[in-house]
Amino acid sequence: MNAFVTVTADLALAQAAAVDGGALTGPLAGVPVAIKDLVDVAGVPTSMGSLVHQGRIADVDAPLVARIRAAGAVIVGKTTTSEYGWKGESGNRVNGPAHNPWRHGLTAGGSSGGSAAAVAAGVVRMAQGGDGAGSIRIPASFCGVFGLKPTAGLVPAPAGSGLSAQGPIARTVADGALLLDVMAGTSLSGAVEEGVAGVRAAWSADLGYAAVEAGVLEVAAAAARRLPELGPVLEDADPGLEDPWLIVDPIWAWTQAQDEDPEKRDLADPGRWQVVERGLRMTEADHAAALERRARYTGAMDAFFGDHDLLVTPTMPCPPFRAGADQPGWVAGRPTEYLSWTAFTYPFNVTGQPAASVPCGRDRDGLPVGLQIVGRRGEDALVLRAARAFERAFPWSYDDLDLV
């Protein structure tokens, strides 16, 4: 699957021995965990999917890694990601793309593709991911696992991360909630079994603007229609907002261009450099205008959530495409840009709301489809409860993984 760029065998064995000997305890004691290769683990290379950083050894743990380590987890390696996480696929010039464990040759998604592939295949029980426009939820959907982008700021993130949030990818909602508790210093995992009776939920097939393939929509819509069996009151409703792509694109380009050295262009991913060049042409005023539009959009989405506790959509508009391709190219006959095809996920990076992807079925080609569940900022526990209720009622199997 090419899920890992670095396997930390010595570190894993040392941590496992410490657990066995009783020197290392905690809620994750002995649990194999993977870390995305955008995040530092002390003494381990962090390439960030870039030839610029290939071979760089981290001096200290990132704060979330320090918490995972202190919780007793066994860190088995760093997972494949696109360069600086710039796209919704994991291909890069350091070690190539992660393959989908359901169908080799197709993408695992990105940018946390290696993490999701490793979890789906059972290599690790859970993994850390980062999500700037869907980079946890995209691979979670494509690989048939649970993934949560938590409320912005809940988990410590690098300065200047723009739209990004750090969160868990796991085979079960309970495991994801446990990893989130460790990374965020919360106790949300205790709420996952509380159910969602009486919760007001809205189903939107396209958010009013998104292109979506018929085969994916068929599976996601059928899953959503069963939500009232779990207790929520469900209605068809769109937020009534325009596609926020013109907010996402300039903020993303600006973030990608920060501290970029044009003299190292030859080492960069060619697709990413096109985004960097747009960022380098932007002015402070351009960036400030995008942030102002973001604030207005967030306020309008908050108004929609005044009448709804949850919003449910398909996670992705299409099935997994070719591994290593920057994007699908077309979705439902509509051409795509580098991240524009992730139209269901990036709105909630703009607003900072918690958003999860939970497996909800497979399309006619046998590929996983994810259902996205979105809540108000700070209501991560409700999102986890809804995901767990769905998972409990409609359990997911990994028996047909393509791991030959």
Among Gln258, Gln353, Gln166, which one shows the highest mean-square fluctuation when the chain is modelled as a Gaussian network with alpha-carbon springs under 10 Å? Gln258
Which value, in Å to one decimal place, does the Kirkwood hydrodynamic radius take for segment 98-220 when every pair of different Cα atoms is included? 15.5
Given N residues in the chain, what is its alpha carbon radius of gyration divided by 2.2 N^0.38 Å? 0.91
Ignoring ligands and nucleic acids, Ile57 exposes an accessible area, probe 1.4 Å, in Å² to the nearest 10, of 80
³J(HN,Hα) across segment 63-77 via Karplus (A = 6.51, B = -1.76, C = 1.60, θ = phi - 60°), whole Hz, x for Gly/Pro? x, 5, 5, 4, 5, 5, 5, 5, 7, x, 5, 9, 7, 9, x
Estimated FRET transfer efficiency (Glu235, Ala285; beta-carbon r; R0 45 Å; 0.05): 0.65
Per residue of segment 377-389, what does 6.51 cos²θ - 1.76 cosθ + 1.60 with θ = phi - 60° give for ³J(HN,Hα)? Whole Hz please, x for Gly and Pro, Karplus curve as stated. 4, x, 9, 4, 4, 5, 4, 4, 4, 5, 5, 5, 4
If the cut-off is 15 Å between C-alpha atoms, which aspartates and glutamates fall inside it for Lys149, apart from same-chain ones fewer than 8 positions away? Asp131, Asp175, Asp181, Glu379, Asp380
Using eta = 1.002 mPa s and T = 20 °C, Stokes-Einstein with Kirkwood Rh from Cα pairs puts D for segment 205-332, in µm² s⁻¹, at 121
Taking all protein chains in place and a 1.4 Å probe, what share, in percent, of the accessible surface of segment 104-228 do carbon and sulfur account for? 54
Per residue, the convex hull enclosing the Cα atoms of segment 325-404 spans a volume in Å³ of 134
Could you pull out every one of the lysines with an alpha carbon less than 19 Å from that of Lys264, ignoring same-chain neighbours closer than 8 positions? none
Excluding Met282 itself, what net charge comes from residues whose Cβ is under 13 Å from its Cβ, given Lys and Arg +1 and Asp and Glu -1? -3
Distance histogram in 5 Å bins (all Cα pairs of segment 252-399, percent per bin): 2, 8, 13, 15, 16, 16, 15, 9, 5, 2, 0
Simple spin-label estimate for Ala197 and Glu337 in nanometres, 7 Å along Cα-Cβ: 4.8
Charge sum, other residues only, whose C-beta stays under 10 Å from Thr345's C-beta, Lys/Arg counted +1 and Asp/Glu -1: +1
Net lengthening on full extension, Val60/Ala9 (0.36 nm per residue, minus Cα-Cα): 16.5 nm
Let me see the P(r) profile for segment 18-144: every Cα-Cα distance counted, bins of 10 Å, each bin given as a percent of all pairs. 15, 43, 32, 9, 0
The answer for segment 2-59, accessible area per residue at 1.4 Å probe in Å², is 44
Would you mind listing how long segment 68-125 runs along its three principal axes, going by Cα atoms, in whole Å with the largest first? 34, 26, 16
Distance histogram in 5 Å bins (all Cα pairs of segment 195-254, percent per bin): 4, 16, 19, 17, 17, 13, 8, 5, 1
Whole-Hz ³J(HN,Hα) from phi, Karplus 6.51 cos²θ - 1.76 cosθ + 1.60, for segment 121-135, glycine and proline x: 7, x, 5, 10, 7, 7, 8, 8, x, x, 9, x, 8, x, 5
Under the rule of -39500 (n - 2.57) per DSSP H run of 4 or more residues, summed and divided by the residues of the chain, what mean residue ellipticity at 222 nm is obtained, to the nearest 500 deg cm²/dmol? -9500 deg cm²/dmol
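The values are calculated or read from the model by the stated rules, or taken from the named source; none is laboratory data. All of these numbers come straight from a predicted model, not from anything done at the bench. Neighbour counts are summed over all protein chains in view; Cβ atoms, including those assigned to glycine, are modelled from backbone coordinates with ideal geometry. All accessible areas refer to the heavy atoms of the entire protein, side chains included, with ligands and DNA or RNA removed. Shrake-Rupley method; radii C 1.70, N 1.55, O 1.52, S 1.80 Å.
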